[in-house]
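Please treat every number below as a calculation from the coordinates, not as lab data. Given the structure is predicted, the values throughout are model-derived calculations rather than measurements. With ideal geometry, Cβ positions are generated from the backbone for all residues, glycine too; neighbour counts draw on all protein chains shown.
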Amino acid sequence: PSQRQSRCQVQNIDALEPTQKVQSEAGETEHWDQSNEQLECAGVSVTRYTIQPRGLLLPHYNNAPQITYVTQGRGMHGAAIPGCPETYQSSQQSEQQQQQVPYEQGQGQEERSTQGDQHQKVREIRQGDILAVPVGVANWFYNDGETPLVLVTLLDTSNNENQLDDNRRTFYLGGNPQGQQQQRGSLPFRRTHGSQQESSDAGNIFNGMDEQILTEAFGVRQETARKLRGEDDNRGNIVRVENRLGVIRPPKTEQPRQQQPEEEDQPGRPN
Amino acid sequence: SLEESLCNTRLKINIDNPSRADVYNPQAGRINRINSRKLPILRDFNLNAERGVLYRNAIMAPHWNLNAHSIIYVTRGSAQVQIVGNYQQPIYDGELRQDQIIVVPQNFAVVKRAKDQGFEWIAFKTNDNAMVNPLVGRTSAIRAMPEEILQNAFRISSEEARRLKYNRDEVELLAPRPQSEQRDVA
């Protein structure tokens, strides 16, 4: 805090534009300069994501609580919160009924109909929404609209929930994002505050893990483990989904229920 | 007064009782955790403790600590340990042996595989209600995500995505796979 206070002796305030832009396959990520004394004083880091239609911001988590405003567009947001059940589930039957949910064409479809998927809740988002994501919770965004989905995200890096230094750190669970230049040095604890510009995206967390351990831990083929590491992936942190993403989700409007026979509403009917 | 309440505060609890394990896998090991719900004074300290036992060649699923650093002291045996942050390379990749300590920073992913002698540790975490997010198994972040997100994130088929989600049904502690099975998978 004392270090931050010393940075808070701001003599004048400037309007700030993003200072760094990272282009990805299906969008761009713009960062405001973390070392700007105004942002340092506030103990925050600000990023703007522009996700093109059918773009997916890869699953990731951050070292600080995150608040996001949807400035434009609509899409989906998923958060994998530890301990929460996978309450969105499809059975074989419901899968066949969900004709409105597009899915990949071809070989996957046949297999898909034999076994459903299940996952945690997925939230629809649109312009004007505020989203809060706790520290360390993996989350992703998908643009299922026709216009770019623009998100402005603030990380409260000075929050007590962040026990690392005040630099923004994003940990990706997929792809091979290459963001800002990384400077490896001492461990990222609080005492190294401000000593280095060390943040953002480089590879995904599987990238540093041994292929053999991944193969064994996940019980998958070595080739799959290799793909987890994403070494030859050049798509960046926002990737294009070939066909529209067909995750399980409730319809936007309630379908009219079939008229129940009148006697069902009458009291005294035996069960 | 504060002094009087401290006099009666519970200060001790045993973490090494296998029958009280929070996570147990007869083929892989066990984990006992003490947080502020079990020992309320830890709320004041903002600390908790984890006792882990991994059997020979068993794996503690890759995971990260959401809200705490973890300081691991090895009480017995050794393990291959990898710690990964938001860098290209792991910040630690080596063998961790008895009587050594290692610090796993908050949000950094870690994976441990016990060596032939097994691996036992005590970890102190800098949050009284430290939370772990595994990447493999029934409670994993991977399983919580839609199959198609995994397909697109890793550029894999739906079949591979399904295997990734469901091939391991254990929680946190993973039994070693028989050699023959490993060959089949490879």
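Taken along the Cα-to-beta-carbon direction at a fixed 7 Å, the label points for B:Cys7 and A:Glu17 span 6.9 nm.
Extension gain for the segment A:Gln72 to A:Cys8, taken as residue separation times 0.36 nm less the Cα-Cα distance, is 19.8 nm to one decimal.
Relative to the globular-protein estimate of 2.2 N^0.38 Å, the Cα radius of gyration of the range B:1-102 stands at 1.29. Scalar couplings 3J(HN,Hα) for the range B:150-165, obtained by applying the Karplus form with A = 6.51, B = -1.76, C = 1.60 to θ = phi - 60°, are 5, 4, 7, 5, 9, 6, 10, 6, 5, 5, 5, 4, 5, 4, 4, 7 Hz; x denotes Gly and Pro. Placing R0 at 45 angstrom, the Cβ-Cβ distance between B:Ile15 and A:Gln89 gives a FRET efficiency of 0.80 after rounding to 0.05. Mean-square fluctuations from a GNM of chain B, with a 10 angstrom spring cutoff on Cα atoms, peak among B:Leu135, B:Leu11, B:Leu150 at B:Leu11. Across the range A:27-49, the residues whose backbone nitrogen lies under 17 Å from the label position 7 Å along the beta-carbon direction of A:Thr147 are A:49.
Put in line by how crowded their Cβ is, counting other Cβ atoms within 10 Å and starting with the fewest, A:Leu164, B:Leu174, B:Leu6, A:Leu154 read B:Leu6, A:Leu154, A:Leu164, B:Leu174.
For the range B:108-129, the residues whose amide N sits under 20 Å from a probe point set 7 Å from the Cα of B:Tyr73 along the beta carbon direction are B:119-129. One quarter of the surface of the convex hull around the alpha-carbon atoms of the range A:114-172 equals 6.4 nm², the direction-averaged projected area.
For B:Lys12, the lysines whose Cα falls under 18 Å of its own Cα, not counting residues fewer than eight places away in the same chain, are B:Lys38, B:Lys125.
Of the residues B:Met145, A:Met209, the one with the fewest other Cβ atoms within 10 Å heads the list, and the complete ranking is A:Met209, B:Met145. Consider a paramagnetic label point 7 Å from the Cα of B:Asp22 along Cα→Cβ; state which residues of the range B:29-49 have an amide N under 11 Å from it. Within reach of a label on B:Asp22: B:31-39, B:48-49. Start at zero, step by 5 Å, and the Cα-Cα distances of chain B spread as 1, 8, 13, 18, 20, 16, 11, 6, 4, 2, 1, 1, 0, 0 percent across the bins. Under the convention that each Lys and Arg Cβ holds +1 and each Asp and Glu Cβ holds -1, the size of the dipole of the range A:1-82 around its Cα centre is about 300 debye.
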